[in-house]
1. Are any of the residues in segment 160-173 modelled with pLDDT under 95, closer than 20 Å to Thr220 by Cβ and either in contact with a helix residue (DSSP H, G or I) (Cβ under 9 Å, 6 or more places away or on another chain) or surrounded by fewer than 17 Cβ atoms within 10 Å (Cβ to Cβ) (or both)?
2. What number of residues within segment 26-68 satisfy the criterion of being modelled with pLDDT under 95, outside any strand (DSSP E or B), of a type in the set (S, T, N, Q) and farther than 16 Å from Ala142 by Cβ?
3. State all residues of segment 78-92 that are assigned to a strand (DSSP E or B) and more than 13 Å from the chain's Cα centre (by Cα); if no residue qualifies, say none.
Amino acid sequence: MLRPAAIAVILLSSALAAPAGPPPDVPSALSDRTLSLARAPQHPERTLTVPAETEAAIQLLSGIHSRVSHVGDPVTAQVLNPVYVDGQIALPAGTLIDGRITRIRPAGRMRRPAEMTLRFEQITLPDGQNQPLSALLAVLDAPARARTRLDSEGILKGTRTVPWKHVAGGLAGLGVLGAIEAPLASAAVVGVTLPLGGGAVVGYSLLFPKGNDVHVPPDTPMRIRLRKPLTVRVAW
């Protein structure tokens, strides 16, 4: 009769000799799950296309000024209201829009206003997606103090308004010419020369002042219009 110690040794040897591995039904279960995942339908990436001529409400984040800004300076704005396509949001609020200044013409005499052109060239969606963009300004809601308007071609321009006091001051300056006429042969000609010249210069600068600069401060609301369709990726 075998002793308990001998029986234990025999059982341990049998256990060690048995083939290792999971129960027979485990590999089958894993294989079925893997096959099920492989057969699951894979949804293609969905995109939405915002048509050309679509307008979007934006807010300027970086201010611009025709006497301070330069051609090539970056301009940044953000979308204020979502843009929808087929009932789904294509451009969420907060989407960043990057552009640059492409042209600046300084203000000049004869009330010629400054001009500035912007072009928007890229968007960054809240999910980090970047897409090229082609858009220009369509509407500018500039405050009265900015003295800036937007023409039909998307060009920012300073206003041409001139207060009547400037015109009156210019006329008064030019009026000096008639008030101090003197014969050329008179000895007073030398004395008249300085006020005459000074009056003409003052009159010219007041009667023909420079036009206003383009000034659009930060947080100014505006609208852009897409020149080309814009395609973005969206989640299901």
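The values are calculated or read from the model by the stated rules, or taken from the named source; none is laboratory data. Quantities reported herein were computed from a predicted structural model and do not represent experimental measurements. Heads up, the Cβs are rebuilt from the backbone with ideal geometry, glycines too, and the neighbour counts pull from every protein chain shown.
1. Applying the first criterion (modelled with pLDDT under 95) to segment 160-173 yields 160-173.
Cutting the leftovers down to closer than 20 Å to Thr220 by Cβ gives us 161.
Next cut, either in contact with a helix residue (DSSP H, G or I) (Cβ under 9 Å, 6 or more places away or on another chain) or surrounded by fewer than 17 Cβ atoms within 10 Å (Cβ to Cβ) (or both) only: 161.
Yes.
2. Residues meeting the conditions: 5.
3. Kept after step one, since they are assigned to a strand (DSSP E or B), are these residues of segment 78-92: 78-79, 83-85, 88-91.
Those that are assigned to a strand (DSSP E or B) and more than 13 Å from the chain's Cα centre (by Cα): Val83, Tyr84, Val85, Gln88, Ile89, Ala90, Leu91.
Condition check ((1) at pLDDT below 95; (2) more than 19 Å from Pro217 (Cβ to Cβ); (3) out of contact with any Ser or Thr (no Cβ under 6 Å at 6 or more places or on another chain); (4) not in a strand (DSSP E or B)) across all residues:
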| site | (1), (2), (3), (4) |
| --- | --- |
| His70 | no, no, yes, yes |
| Thr76 | no, no, no, no |
| Gly94 | no, yes, yes, yes |
| Arg100 | no, no, yes, no |
| Ile104 | no, no, no, no |
| Arg119 | no, yes, no, no |
| Ala135 | no, yes, yes, no |
